[in-house]
Structure formats: structure tokens, C-alpha cells
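Asks: Before I ask anything, let me first share the structure, which is written out below as C-alpha cells.
The values are calculated or read from the model by the stated rules, or taken from the named source; none is laboratory data. Keep in mind that what you see is a predicted model, and the values were worked out from it rather than measured. As a convention, Cβ positions derive from the backbone with ideal geometry for all residues, glycine included, and neighbour counts pool all protein chains shown.
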């Protein structure tokens, strides 16, 4: 499974990082948004990654 974040849609709430820190981090910049620090999702984090996608209100997270 692979994850991506469409940064133009991300509102910077940080929920994905809280739910799945194995995959998502906030960039920490002036316009904070989520980034994927592990494009290939570790198998043990699959369910958390899906939960993070489902909680993303602007639907910025893509999983394939």
C-alpha cells in the first residue's frame, strides 16, 4: 500500500499524524500541511493509514 497527500487540499489539522505517525508528518512550515515520510505504508500501519484517510475532511489523503 502506498500513501500520498495532496498538499493543495490539506488544511493542516494534523489528525493524520496523530492517527498514523508511521506514515504522516506535518511539514512544520509557515503554511503547515501533512507530508508522507514513508511512501510505502508498513504492513502493521495499514489500518491506521486507512483510518487517517477516512478522517481527512478535505479528502487530501490518497491510498493505493
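Asks: Give the residues of segment 3-36 that are assigned to a loop (DSSP other than H, G, I, E, B), within 16 Å of residue 64 (Cα to Cα) and either in contact (Cβ under 8 Å) with a residue 60 or more places away in the chain or in contact with a strand residue (DSSP E or B) (Cβ under 6 Å, 6 or more places away or on another chain) (or both), sorted by residue number.
Replies: 23
Asks: Which of the residues spanning segment 25-43 are farther than 17 Å from residue 15 by Cα and exposed (fewer than 13 other Cβ atoms within 10 Å of the Cβ)?
Replies: Residues satisfying the conditions are 30, 39, 40, 43.
Asks: Residue check, residue 19 against (1) loosely packed, with under 15 Cβ neighbours inside 10 Å; (2) at pLDDT 95 or above; (3) within 10 Å of the chain's Cα centre (by Cα), all met but one. Which one?
Replies: (1)
Asks: Can you name the number of the only condition in (1) touching a helix residue (DSSP H, G or I) at 6+ places or on another chain (Cβ under 6 Å); (2) not in a helix (DSSP H, G or I) that residue 52 fails?
Replies: Among (1) touching a helix residue (DSSP H, G or I) at 6+ places or on another chain (Cβ under 6 Å); (2) not in a helix (DSSP H, G or I), the lone unmet condition for residue 52 is (2).
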